[in-house]
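Remarks on the structure that follows.
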Amino acid sequence: MKDKKRSGSYYTPKILSDFLVSHISNNYLNSKNLSILEPSCGDGQFISSFFSKSNLNKYNSIDLTICDIDKSELNKTVSLIPKSSKLKAINDDYLNFFLNNKLKYSLIFGNPPYVRKKNMEENQILNCEAVHLKMLKYNSQIKTKSKINNLWTAFVESAIMSLKNDGIMCFVIPAEIMHVNYTKELRKLIQNEFDRVEIFAFNELIFEGIQQDVVALIGIKGIENKLDHGVSFYQVESLEDLNEPRFTELHSNIHRFSLDKWTNYILSDEDLNFIEGLKNQFKPIKEYCEKAQVGIVSAANDYFIIRNSEVLDNQLNEIEDLIKPILPKGSILSNSLDFTKNDYKNLLDKNERVSLVQFPNIPKTKLNKIAIKYILKGEEKKDDLSGELHKRYKMTKRENWYHIPSIWYSEGLFVKRSHLFPKIIVNSADALVTDSFYRLQTKDPYNIKNLAFSFYNTLTFVLAELEGRFYGGGVLELVPNEFKNLSIPYCDIISEDDFTKLDNMIRENQSIHKILNFTDNLLLKNIDNNRLREIWIKLVNRRIKKNNTNKSKKNNNI
């Protein structure tokens, strides 16, 4: 079985490729002499759809170029193509082919591979860099020598440079094109290169077995009627709806100076103006925080972050100040507004991995024999991916590989990734955290309890949906700058009773609507909270794809 993380091969459902080919052929494909490229043909689904769903009689000639690095997959696609077709089949990395040819095409379609940089081969990284360098010279919208993050972006850039003046590009690509920072220039490039752009978003996960959210993006050149120019967004509830086809056209809000991600298409300009007006009434979180920094990076959590039973087995408890409390991930936390020493004790009692082994930054020879024994155990530890533990890249940059840098305790914690809503938590237990959290220290005269309480309001939750990014499975993530720029209706007169009440409501898993009714009444006075709540519900349901399955309907109480 292929390593899909390295090959990036997730094959397109027939119902989707059939729809996309029919849609393009019926509405936009006007050339009589077609030249078609499928740069990563895989199992040949797009090619199969083209021959079964297009009116082939309206074309005088069809020249096909298909490419795949996997010869057996390439041969499968070749077998689907009529013998009478003019075909060029390339068994190579498509980016190699692109960099060595200057061919132009009427139609480029497919499902490019999704491979993160850490899973790429060295030649793939070099090819991506070469493609991006060509794009820098090709279009002024690309201004930076951006880091290579994923293979699919190079496929999009190369396709754009390979289209004829009336050409069409149609790709099924990750939904991160809509919102992540590293695709911001790519979004501008797409708007600049195509007269019309259509984006189909889906209210269910397309690829079985993986949590990869995708969109279908169609770019059309050569549209003379200016009224048909621009970007249009369409929402598809279920793949089965494409049989009719049935989809909903939604708003297009892409020419904004703030809240400028394509994911905002779901809201009208009136809604976005309403939100921006509220946002500007309040200061961002960074105005209240002295620090909002990523947690520690141990570079080997399985070794440094251990269970209490492992602490005892290795006698590490006998060394004073060696073991520190730590939270390795957000999912380990029970619901609360205040993480207390008792909460930490409960995790210890459950034998969770919440004990950090923090060796001092001194040579081994000066350490206790028990410590040396555990360090040697680490140096003997190997795995298939990273080899010897102490020779990992981050370890080699340390003065002593076993000493973790940047250890400090914070007043508060922000959970980097969340599901239904994001969370700030008061850190009364003085626990350390990994990079699954951001560590918060408030400025004088502000108070961490007031900051945490004030974070739980509908406006800030709406802004988190708009400013953050989301992934398959409904995960919401905010990178540090996105988090620090969230506006918050900070209140400095939160009583101890109010704080305790909110903590209890969260611990009791009360409905988020009850929680927000309580906090909004204190934090968002004289505001149309009903409208704000409706906007938030719409954004959350879109992210978690609530209507996808009965299971999600049951589990997402929104």
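Other residues lying with their Cβ under 10 Å from the Cβ of residue 298 contribute a combined charge of -1, Lys and Arg counting +1, Asp and Glu -1. As a quick test, which of the pairs 14/545; 184/261; 118/394 have an alpha carbon distance above 20 angstrom in this structure? Table pairs above 20 Å Cα-Cα are 14/545. Subtracting the Cα-Cα distance of residue 331 and residue 361 from their residue separation scaled by 0.36 nm leaves 7.7 nm.
The order of the peptides 339-349, 322-332 by mean Cβ neighbours within 10 Å, most packed first, is 322-332, 339-349. Spacing of the modelled spin labels on residue 14 and residue 92, each 7 Å from Cα toward Cβ, amounts to 3.3 nm.
For the pair residue 348 and residue 195, what calculated FRET efficiency results from E = 1/(1 + (r/R0)^6), where r is the Cβ-Cβ distance and R0 = 60 Å, to the nearest 0.05? The pair residue 195/residue 348 has a calculated efficiency of 0.45.
For the chain, the 222 nm mean residue ellipticity estimated from helices alone, with every DSSP H stretch of n ≥ 4 adding -39500 (n - 2.57) and the total spread over all residues, rounds to -10000 deg cm²/dmol.
With R₀ fixed at 35 Å, the C-beta to C-beta distance from residue 286 to residue 225 puts the FRET efficiency at about 0.15.
A crude spin-label estimate for the pair residue 165 and residue 398, with each label 7 Å from Cα along the Cβ direction, gives 6.1 nm.
Computed extension length for residue 441-residue 30: 141.9 nm, one decimal, from 0.36 nm per residue of separation with the Cα-Cα distance subtracted. Extension gain for residue 268 to residue 83 (0.36 nm times residue separation, less C-alpha to C-alpha distance): 61.6 nm. With the convex hull of its Cα atoms as the shape, the chain has an orientation-averaged projected area of 28.7 nm². The residues of segment 108-230 expose on average 40 square angstrom of accessible surface per residue, using a 1.4 Å probe on protein heavy atoms. Segment 152-224 and segment 304-329 have Cα centres spaced 48 Å apart.
Accessible surface area normalised per residue over segment 314-472 is 46 Å², counting heavy atoms of protein chains with a 1.4 Å rolling probe. Taking the protein heavy atoms of the chain in the context of the full set of protein chains, the accessible area attributed to carbon and sulfur is 45 percent at 1.4 Å. When each of the peptides 268-277, 423-432, 87-96 is scored by how many other beta carbons lie within 10 Å of its residues on average, the order from highest to lowest is 423-432, 87-96, 268-277. Over segment 1-101, accessible surface divided per residue gives 49 Å², non-protein components excluded, 1.4 Å probe.
The values are calculated or read from the model by the stated rules, or taken from the named source; none is laboratory data. Computed from a prediction, not measured in an experiment: that's the story for all the values here. All Cβ positions, glycine included, derive from the backbone under ideal geometry; neighbour counts span all protein chains shown. Ligands, DNA and RNA are excluded from the accessible area calculation, which covers all protein heavy atoms including side chains. Shrake-Rupley method; radii C 1.70, N 1.55, O 1.52, S 1.80 Å.
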